[in-house]
Amino acid sequence: MAVPREQFFACIAMAAVTLLAPPACGVAGHSHGMRPGAHGGAAEPPPFTVNATRAEAIERQFMEWVRYMGGLRHSTFQHALARAFPSYSLVVDKNPALGDFTTIQAAIDSLPAINLVRVVIRVNAGVYTEKVTISAMRAFITLEGAGADSTIVQWGDTADSPTGPKGRPLGTFNSATFAVNAQYFLARNITFKNTSPVPKPGATGKQAVALRVSADNAAFVGCKFLGAQDTLYDHSGRHYYKECYIEGSVDFIFGNALSLYEMAVAIVSGHQAPLLPAARPLAGVRLRGAPPHGLATRRPIETCSITGTDLRTTCGVLTGVEVDVFSVQDCHVHAIARDYGALTAQNRQSMLEDTGFSFVNCRVTGSGALYLGRAWGTFSRVVFAYTYMDNIIIPRGWYNWGDPNRELYVRPSSSFLASPALPGSAYGQREHSPAPILGESSHRTGGRPGLPILLRSTVFYGQYKCTGPGASYAGRVAWSHELTDDEAKPFISLSFIDGTEWVRL
């Protein structure tokens, strides 16, 4: 029996959406295989007629997608560079007379269902109380606020909010105030906030996400992420966070993305230099306008910039120097835990997954007693480099999520034994596995009697040249790492996220 024309094109369009939508886990689109290119000068289709049917609209959108995907001569990244500059912009303002839209969601919904050009949405100062979602095929959106302290988008859902389908709880994934599901998203100078209060110790269902990022190639500059438990759901994809402030209590940076969090560039005494942690004390140095967390640069002495009240620099010992700090912004992670908390919960599930979090030139401050991370995933991976840590860090540093198997696996050292399967995780669903923050089981060992065994951690937690009272490696768990220069190198630059190919700020 013949299939109606409308049903046929509707099915094809749904297949296209399924192919382009990011996967539920892992690194969305993290592939160097299929790489769309330019249209090759193809003529633009005629505009829709006034009486265009829904089937014709679906057909036209599908053919536009076919032309987009047809040119496989260039990489996705090169294609993205052609979208680096805005084709047009929209303005959001709470006053209808001053903007094109009064809500952020309305501005996003005005874009084509398949967006292929860079669109800048400028959000004027104000508090926008709304829940915002960017659908999977509305790529190339830039969201610009008037300043993180001036432009705020907020909502107050939690995992147990009964506003899901048929009155069911939303769950952590859907609790997000702002959800990004499309590639090449860029946000500047705006605050994403979940207004739910800090939960009481032991409370369940209080995960409250301010921002969820479930797409590849997303970047955030000068943004703030405010919440309590599970503030930033760094779900999947490659992401770059620069000069951002992140606040929370428990697991407030979590997910399975491949992400780099780093400090800004400071303009100091007329020189532009990346800020790095201090190494050697200075004598007789006076600093004006310096931040309180003691960071400096690694540039040669003739172009060196000096910041920080602890009077340190990697440039060498200086005397009688006075410098001005004109602009300093940093990567700041701030805990608001009442008692105990954890900064990260990274969810890498396999040694084959190219995911993890790297914090470079950041500072960690706040209240409570904080773990640097909990091993949500069996192969969780987090590194802190050149980071200042206040005295809120628990000396052990890391927690195994109540599963000693995440600290190690056991392999009898015998040639006739097959290589072991790495242990799985019994703690995949975070809502239903509130492993206690405190207390850590001792190592378990095994293997055949009389055979030597090899113990190796399945998680990878490391520090590299960190400073501050909470940075001492002396009390860290045995299965964490103090990285060498060679071990740290892959984690401390944009190459960690392939950023040289797609980050254009």
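Just one of (1) under 10 Å from the mean Cα position of the chain (by Cα); (2) surrounded by 24 or more Cβ atoms within 10 Å (Cβ to Cβ) fails for Y240. It is (2).
Taken over segment 466-504, the residue count meeting the criterion of being part of a loop (DSSP other than H, G, I, E, B) and under 17 Å from D354 (Cα atoms) is 3.
Residues in segment 169-228 that are under 26 Å from R504 (Cα atoms) and free of Cβ contacts under 8 Å to residues at least 24 places away in the same chain: none. The set of residues in segment 373-395 being touching a helix residue (DSSP H, G or I) at 6+ places or on another chain (Cβ under 7 Å) and among the aromatic types (F, W, Y) consists of W376 alone. Among the residues of segment 82-114, those identified as more than 23 Å from the chain's Cα centre (by Cα), of a type in the set (S, T, N, Q) and at pLDDT 90 or above are S89, N95, T102, T103, S110.
Scan segment 372-412 for residues that are closer than 19 Å to L260 by Cα and assigned to a strand (DSSP E or B) and jot them down. Passing the criteria: L372, G373, R374, R381, V382, V383, F384, A385, Y388, M389.
Just name the residue that is modelled with the highest pLDDT out of those in segment 447-465 that are aliphatic (A, V, I, L, M) and assigned to a strand (DSSP E or B). Within segment 447-465, the match that is modelled with the highest pLDDT is L455.
Residues in segment 207-222 that are touching an Asp or Glu at 6+ places or on another chain (Cβ under 8 Å) and buried (at least 24 other Cβ atoms within 10 Å of the Cβ): Q207, A208, V209, V213.
At least 1 residues being within 17 Å of V153 (Cα to Cα) and in contact with a Ser or Thr (Cβ under 9 Å, 6 or more places away or on another chain) is the threshold, and among the strands (runs of 3 or more DSSP E) wholly inside segment 207-260 those reaching it are 211-214, 224-226, 232-236, 245-248. Checked against the criterion of being surrounded by fewer than 18 Cβ atoms within 10 Å (Cβ to Cβ), closer than 17 Å to Q183 by Cβ and modelled with pLDDT under 95, the candidates H74, H79 yield just one match: H74. For segment 473-497, filtered to residues that are touching a residue at least 24 places away in the same chain (Cβ under 8 Å) and among the charged types (D, E, K, R), the residue that is nearest to I394 (Cα to Cα) is R476.
The values are calculated or read from the model by the stated rules, or taken from the named source; none is laboratory data. For clarity, every value in this text was computed on a predicted model and none was experimentally measured. With ideal geometry, Cβ positions are generated from the backbone for all residues, glycine too; neighbour counts draw on all protein chains shown.
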